[in-house]
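Student: Here's a structure for you.
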Amino acid sequence: MTRDDLAAHLDYMRELGVQGVSRAAEWRTRVEAPAAADAAPASGETDDMPLEEPHVTTAPDLPAAAAVTLAPAEALAALRHEIGPACTRCKLHTLGRRQVVFGVGNPQARLMFVGEAPGEDEDKQGEPFVGRAGQLLTKIIEAIGMTREQVYIANVIKCRPPGNRNPEPDEVMTCEPYLFEQLGIIRPTIVVALGKFAAQSLLRTTEPITKLRGRVFEWRGASLIPTFHPAYLLRNPPAKREVWEDMKKVRELLQG
Ligand code: URA
């Protein structure tokens, strides 16, 4: 790493609210990266993932009774296929969305981030969290020694609401089961709910995010950590410090 690289790295750590460095041994070890063959390409799933932790599902185009055992990558590909590229199950397809934004990352991720809904950039590119908030999310992931390719990223709903309005209850009711399916296939150890909407949807609560963050919830066998949404951090940079606290907890849990 050059001096300039190091300076840039320290700058963004400072931007994230990191106030110092620790000599503790656990902070010198990077979170275990999957072998190169395990890491998903940016587009998401591949066919040549190792067959670990098989997921039983019913593949599309098979008779309903023909349950087959699929690896996570294949199960995600089957789910993507089931949703289809031009889903019409809710009204968002009539309200200007360009495409379904399914999710991206490692089908065997131990860490999964859940956001609210695609924004304009995501709607154009077909990938979650690629706009300004997404770039900040990438830095947050890197701040705990991981890469976007090692984690999985998805949203509660998969189509952009017009003008980035909040998703409406009928849209959530229709689309959320697909998020639950993604979670059931990937089975991450840790789920980070990004912002009020994701946290409240997953936890079935109306408690404000300020009351939810800072806590770890047991959620369907995973630890769920609510934190502030990166878009909120762009408007309110001092809150990056709390997110850093949450991410330290994530890192601790991954190492534990
Ligand atoms: N905000 C979200 O909640 N999700 C995205 O994918 C992008 C911005």
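Student: Once phi is turned into θ = phi - 60°, what whole-Hz ³J(HN,Hα) does the Karplus curve with 6.51, -1.76 and 1.60 give for every residue of region 121-136, x standing for Gly and Pro?
Tutor: Going residue by residue, I get 5, 5, 5, 6, 8, x, 9, x, 6, 10, x, 4, 5, x, 5, 5 Hz, with x marking Gly and Pro.
Student: Quick one: give the max-minus-min coordinate of the C-alpha atoms of region 157-200 along each principal axis, largest first, in Å.
Tutor: Ordered largest first, region 157-200 gives principal extents of 33, 20, 15 Å.
Student: Which residues' amide hydrogens lie under 5 Å from the amide hydrogen of Trp219, considering only partners 5 or more residues apart or on another chain, with H built in the peptide plane?
Tutor: Answer set, sorted by chain and number: Leu224.
Student: Based on Cα positions only, what radius of gyration and what Dmax would you give for region 213-256, in angstroms?
Tutor: Both quantities, over Cα of region 213-256: 11.4, 33 Å.
Student: If N is the number of residues in region 70-194, what value comes out of its Cα radius of gyration divided by 2.2 N^0.38 Å?
Tutor: 1.00
Student: Under a 1.4 Å probe, what is the accessible area of region 73-122 per residue, stated in Å²?
Tutor: 38 Å²
Student: Another question about this same structure. To the nearest 20 debye, what is the magnitude of the charge dipole of region 154-256 about its Cα centre, counting +1 on the Cβ of each Lys and Arg and -1 on the Cβ of each Asp and Glu?
Tutor: So the magnitude is around 360 debye.
Student: Calculate one ³J(HN,Hα) per residue across region 76-88 by plugging θ = phi - 60° into the Karplus curve 6.51 cos²θ - 1.76 cosθ + 1.60, and present them in order as whole Hz with x for glycine and proline.
Tutor: Ordered by residue, 3J(HN,Hα) equals 5, 4, 5, 5, 4, 5, 4, 5, x, x, 9, 3, 10 Hz.
Student: Okay, next question. Nearest 0.05, what FRET efficiency do Thr210 and Thr88 give at R0 = 51 Å with Cβ-Cβ as r?
Tutor: Taking R0 as 51 Å, the efficiency between Thr210 and Thr88 is 0.85.
Student: Let me ask something additional. Distance check, please: which entries in Lys158/Lys211; Lys91/Lys249; Lys196/Lys248; Lys158/Lys248; Lys158/Lys240; Lys124/Lys196 exceed 31 angstrom between their Cα atoms?
Tutor: Lys91/Lys249
Student: How long are the three semi-axes of the equivalent ellipsoid of region 116-256, in whole Å, if each is the root of 5 times an eigenvalue of the C-alpha gyration tensor, listed from largest down?
Tutor: Calculated on Cα positions only, the semi-axes equal 21, 18, 16 Å.
Student: Can you tell me the accessible area per residue over region 127-190, all protein chains present, probe 1.4 angstrom, in square angstrom?
Tutor: The answer is 35 Å² per residue.
Student: Next up: If Lys and Arg each add +1 and Asp and Glu each add -1, what is the summed charge of the other residues whose beta carbon sits under 15 Å from the beta carbon of Gly214?
Tutor: Result for the neighbourhood of Gly214: +3.
Student: Work out from phi, with θ = phi - 60° and the Karplus expression 6.51 cos²θ - 1.76 cosθ + 1.60, the ³J(HN,Hα) of each residue of region 248-256, listed in order in whole Hz, and give x for Gly and Pro.
Tutor: Listing the rounded values in order: 5, 5, 4, 4, 4, 5, 5, 6, x Hz.
Student: 5 Å is the cut-off here: which amide hydrogens, built 1.01 Å from N in the peptide plane, fall below it relative to Gly119, excluding neighbours closer than 5 in sequence?
Tutor: Phe129
Student: If R0 is 30 Å, what FRET efficiency do you get for Glu242 and Lys124 from their C-beta distance, rounded to 0.05?
Tutor: 0.45
The values are calculated or read from the model by the stated rules, or taken from the named source; none is laboratory data. No experiment lies behind these values; they were computed from the predicted model shown. Note that we place each Cβ from the backbone using ideal geometry, even for glycine, and neighbour counts take in every protein chain shown. Ligands, DNA and RNA are excluded from the accessible area calculation, which covers all protein heavy atoms including side chains. Shrake-Rupley method; radii C 1.70, N 1.55, O 1.52, S 1.80 Å.
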